[in-house]
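Student: Structure below; questions to follow.
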Amino acid sequence: MANASTPTAESADYVRIFDTTLRDGEQSPGCTMNVAEKVVIARQLERLNVDIIEAGFAASSPGDFESVRCVAQAVRGPVVLSLSRTREEDIEQALRSVDGAARPGIHIFLATSDIHLKYKLQMTREDVLTAVTWAVSRARQHLDHVEFSCEDASRSDWEFLAKVCTEAIRAGARIVNLPDTTGHAIPQEYGRMFAYMREKVEGAEQIIWSAHCHNDLGLAVANSLAAVQNGARQVECTINGIGERAGNTSMEEVVMALRTRRDQFGVLSRVDTRQIYPASRLLAQTIGQVIPATKPIVGDNAFAHEAGIHQDGVLKHRLTYEIMKPEDVGIPSNKLVLGKHSGRHAFVNRLKELGVDPEAIDLKRAFTEFKALCDKKKVVYDEDLLALVGEEVRQRSDFLALADLRVTASSKTMPCAEVTLRVDGVERSASASGDGMVDACYQAIYRIAGVTPTLERYSVKSITGGTDALGEVSCLVSHDEITVAGQGAHSDIVTASALALINALNRLRVRQELRAGRKPQHLAAAWDLPKSSGSAKA
Ligand code: KIV
Ligand code: ZN
């Protein structure tokens, strides 16, 4: 459901949100997702009401092709597109990957800066013009939604850039993107580039101008907003600002800046802002990211008023120190939502209010786990529910699952863990001792799984207050040059730790299968996705 002031698709003037969490975001180390996870994120992007989802770079790997294909079939509202170079084989793969989309698109790019032409591409400016014309017209023979990006636009010669944009428009591009690929631009300069192109480029008024910024100098959001002030009507961004190096433009910051300072920008996006917080949490849980407490909009402290003078002001009148309302971005009010007497109907309703699609989860299992949690905890908060559902979602497509865990420890003896896992449906047990209870448990899991990865990172977070709170564990493990994240949530920290490691090992297996050229078909089955046609060769 959109907000009351949300523009409709028919509005003449609004800022399109092009979400590239699944492509530019996922490209950064530690942010990789498997096909099933991407589909879950894409469904949340659809609930957010983003205009465009960049689902991957189809020609880059069979896994990416599969992700774009599955996302294209899973969502109906937003345009789904694949990135593509100006090469024939890339364009064919991209077109095939979005074949099943209700609203298919393609995003073609080629660098335009002299530094990229000379050192990376070994192409002349003439070569670039020819390649752009060929690639864009080729794609337009098949699709209407064709975007062209001038990679490293912000470090390109403006006169040449204007020529490239003119050629792309002549060849049929509907959207032209001017990326600040290296995060080098500053707002005034980036805004002026848009003003210049809109004035000099032939056909500039027929297309949508798009901004795509990286955050190397911490200016991605400011640069994107400067582009909007100079006529850009599409912003390319990611949830939580994930992406290469310092990240991409953060979706939630741009959307809320447009909304909060509408007096300055005069244009809005069509995003349902109440889905922002659930989206941020879902992504963070999926990739094992810890969101800094001070992160605007979605960080734990974003709406917390600690200083006495501020608290006093907010109590007297909210607007003294608050420029946005937490409920407008979907932050749960941390109130008691349900108890042990709550029925299934109330449970489903609350999930829907929190932005969770009950059809995307095993409801029976989630409800049983909710009841078990009610028995353990006196109060169950919205965030507990989101963590519980996240855990249920994670376990659906797994080949490794926790069946039993016993840990014994005393201050005089070494902790010992006995673990039973279901490995592809068969129960296997092992015991081990370790430096602490978590270590003992991890050693036992390694024995059963037959792999000992390096534990790169391990962190515990209490989801809500109190000693009975759900604990959320995130870990990052690497093995055989593959790095994967894992998450687990449980009221017992050792169990949450075990679930996090098991989640990481499941992802490791999927990545190993993809690397070996096998498609993890069990994921498609688990998520009711169409099975591969077998045509995904990159
Ligand atoms: O940063 C960049 O230039 C890109 C392009 C491929 C659009 O991600
Ligand atoms: Zn980028």
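The values are calculated or read from the model by the stated rules, or taken from the named source; none is laboratory data. Please read all numbers here as calculations on a predicted model, not as lab measurements. Positions of Cβ are backbone-derived with ideal geometry, glycine not excepted, and every protein chain shown enters the neighbour counts. When the accessible area is computed, the model is the full protein with side chains, heavy atoms only, and any ligands, DNA or RNA have been set aside. Shrake-Rupley method; radii C 1.70, N 1.55, O 1.52, S 1.80 Å.
Student: Taking the Cα centre of the chain as origin, sum charge times position over the Cβ atoms of Lys and Arg (+1) and Asp and Glu (-1), and report the length of that vector in debye to the nearest 20.
Tutor: Working: 63 positive and 70 negative charges, 198 e Å.
Roughly 960 debye, rounded to the nearest 20.
Student: State to the nearest 20 debye the size of the charge dipole of the range 45-130 about its Cα centre, where the only charges are +1 on K and R beta carbons and -1 on D and E beta carbons.
Tutor: Details: 10 positive and 13 negative charges, 35 e Å.
Value, rounded to 20: 160 debye.
Student: Separate question: Taking Cα pairs under 8 Å and at least six residues apart, what relative contact order does the chain come out at, in percent? Provide the component values of the computation, followed by the final result.
Tutor: Working: 1114 pairs, mean separation 64.5, N = 538.
It comes to 12 percent, rounded to a whole number.
Student: I'd like the Karplus ³J(HN,Hα) series for the range 343-349: coefficients 6.51, -1.76, 1.60, θ = phi - 60°, whole numbers in Hz, and an x wherever there's a Gly or Pro.
Tutor: Running phi through 6.51 cos²θ - 1.76 cosθ + 1.60 with θ = phi - 60° gives x, 4, 4, 5, 4, 4, 4 Hz.
Student: Still on this structure: In whole Hz, what ³J(HN,Hα) sequence does the range 195-206 give by Karplus (6.51, -1.76, 1.60; θ = phi - 60°), x for Gly and Pro?
Tutor: Whole-Hz 3J(HN,Hα) from phi for the range 195-206: 4, 4, 5, 5, 7, 8, 7, 5, x, 4, 7, 7.
Student: Kindly flag which residue pairs out of LYS340/LYS364; LYS163/LYS200; LYS295/LYS352; LYS295/LYS325 have an alpha-carbon separation exceeding 18 Å in this structure.
Tutor: Numbers: LYS340/LYS364 16 Å; LYS163/LYS200 9 Å; LYS295/LYS352 26 Å; LYS295/LYS325 16 Å.
Table pairs above 18 Å Cα-Cα are LYS295/LYS352.
Student: With the dipole of the chain worked out from charges on the C-beta (+1 for Lys and Arg, -1 for Asp and Glu) around the Cα centre, which of MET197, VAL419, GLY25 lies farthest toward the positive end?
Tutor: Checked the options; the winner is VAL419.
Student: In addition: Carbon and sulfur: what percent of the chain's accessible surface (1.4 Å probe)?
Tutor: Working: 11420 of 22890 Å².
That share works out to 50 percent.
Student: Just reorder LYS412, LYS352, LYS371 by solvent-accessible area, largest first, 1.4 Å probe, all chains present. Don't skip to the end; give the middle numbers.
Tutor: Numbers: LYS412 190, LYS352 120, LYS371 60 Å².
Largest accessible area first, the residues go LYS412, LYS352, LYS371.
Student: Given H placed on each backbone N at 1.01 Å, which residues far from VAL380 in sequence or on other chains put an amide H within less than 5 Å of it?
Tutor: VAL337, LEU338
Student: Then there's this: Which value, in debye to the nearest 20, describes the size of the charge dipole of the range 16-287 about its Cα centre when Lys and Arg Cβ atoms bear +1, Asp and Glu Cβ atoms bear -1, and nothing else is charged? Display every interim value, and only then the final one.
Tutor: Values: 31 positive and 36 negative charges, 134 e Å.
Once rounded to the nearest 20, the dipole reads 640 debye.
Student: Here's a follow-up. For THR181, enumerate residues with amide H under 5 Å from its amide H, sequence gap 5+ or separate chain, H modeled in the peptide plane.
Tutor: Under 5 Å from the amide H of THR181 lie the amide H atoms of ASP152, ALA153, SER154, each far enough along the sequence or on another chain.
Student: Give me a comma-separated list of calculated 3J(HN,Hα) values for the range 495-509, in order, Karplus coefficients 6.51, -1.76, 1.60 applied at θ = phi - 60°, integers in Hz, x for any Gly or Pro.
Tutor: Karplus values, whole Hz, x for Gly and Pro: 5, 4, 5, 4, 4, 5, 5, 4, 4, 5, 5, 5, 5, 4, 5.
Student: Highest mean first, how do 41-51, 235-245, 476-486 rank when packing is the count of other Cβ atoms within 10 Å averaged over residues? Please report the intermediate quantities before stating the final value.
Tutor: Values: 41-51: 23.2, 235-245: 25.0, 476-486: 18.6.
Ranked from most to least packed, the peptides come out as 235-245, 41-51, 476-486.
Student: Now, a different point. Run down the aspartates and glutamates and flag those whose C-alpha is under 18 Å from the C-alpha of LYS371, throwing out any fewer than 8 positions away in its chain.
Tutor: Of all the aspartates and glutamates, those that pass the test against LYS371 - Cα under 18 Å, at least 8 places apart if same chain - are ASP362, ASP382, GLU383, ASP384, GLU391, GLU392, ASP468, ASP492.
Student: Write down Rg/Rh for the chain, rounded to two decimals, with Rg from the C-alpha atoms and Rh from the Kirkwood relation over Cα pairs. Display every interim value, and only then the final one.
Tutor: Numbers: Rg = 24.3 Å, Rh = 24.5 Å.
Here the Rg-to-Rh quotient is 0.99.
Student: Using only the Cα atoms of the range 16-287, what semi-axes does the equivalent ellipsoid have when each is the square root of 5 times a gyration tensor eigenvalue? Give whole Å, largest first. Please list the in-between numbers first.
Tutor: On the way: eigenvalues 131, 102, 56 Å².
Rounded to whole Å, the semi-axes are 26, 23, 17.
Student: Something else now. Is the shape of the range 197-270 rounded, prolate or oblate, going by the alpha carbon gyration tensor and its root eigenvalues a ≥ b ≥ c, with a/c under 1.5 for rounded and a/b larger than b/c for prolate?
Tutor: Values: a/c = 2.16, a/b = 1.35, b/c = 1.60.
Oblate is the answer for the range 197-270, as a/c is 1.5 or above yet b/c matches or exceeds a/b.
Student: Still on this structure, I have one more. Mean separation of Cα pairs under 8 Å and 6+ residues apart, divided by the residue count of the range 36-151: what relative contact order is that in percent? Display every interim value, and only then the final one.
Tutor: On the way: 213 pairs, mean separation 26.1, N = 116.
Here the relative contact order equals 22 percent.
Student: Under 5 Å between amide H atoms, partner at least 5 residues away or on a different chain: which partners does ARG457 have, H built in plane at 1.01 Å?
Tutor: Long-range HN contacts for ARG457: LEU476.
Student: Here is a follow-up. What are the extents of the Cα atoms of the range 398-519 along their three principal axes, in Å, largest first?
Tutor: Its Cα atoms span 47, 30, 25 Å along the three principal axes.
Student: Residues of the chain: accessible area per residue at 1.4 Å, in Å²?
Tutor: Numbers: 22890 Å² over 538 residues.
Accessible area per residue, the chain: 43 Å².
Student: Let me ask something else. How long is the gain from LYS371 to ALA346 if the chain were fully straight, where each residue apart is worth 0.36 nm and the alpha carbon distance is subtracted? Write out the running numbers ahead of the final one.
Tutor: Numbers: separation 25, 0.36 × 25 = 9.00 nm, distance 1.24 nm.
Residue separation times 0.36 nm, minus the Cα-Cα distance, leaves 7.8 nm.
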